[in-house]
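To keep things clear, I will list the structure first and then write my remarks on it.
The values are calculated or read from the model by the stated rules, or taken from the named source; none is laboratory data. Since this is a predicted model, take the numbers as computed values, not measurements. Note that each Cβ is placed from the backbone with ideal geometry, even for glycine, and that neighbours are counted across all protein chains shown.
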Amino acid sequence: MKLGTNKTVVMWILMAVLLLIIAYDAWACADKKHRDTISKIVTVSSQKYLVIPFLCGFIAAHFFWSQHLTSKYYKN
């Protein structure tokens, strides 16, 4: 599968978002009083909203499922 010309821009945006998430999680982990890390928020919230684990699985499948498709539209 050929990627478009904006693949570099998208990768930089993804890297920036990931770095922001890591920075927030490190800051939240350093807060000794609350420790509202991303994993804690997701775990507690998923007990009330069952759609959160479903969406996490859906997003993970979206990123990795297409690697196993064999189609005339996907060229390796």
Fill in the blank from the handout: Only one of 7, 33 is loosely packed, with under 10 Cβ neighbours inside 10 Å, at pLDDT below 90 and basic (Lys, Arg), namely 33
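Pick out the one residue from 16, 23, 28 that is at pLDDT 90 or above and in contact with a Ser or Thr (Cβ under 8 Å, 6 or more places away or on another chain).
Going through 16, 23, 28 in turn, the sole match is 28.
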Problem - Single unsatisfied condition, residue 48 versus (1) surrounded by 11 or more Cβ atoms within 10 Å (Cβ to Cβ); (2) modelled with pLDDT of 85 or more - result: (1)
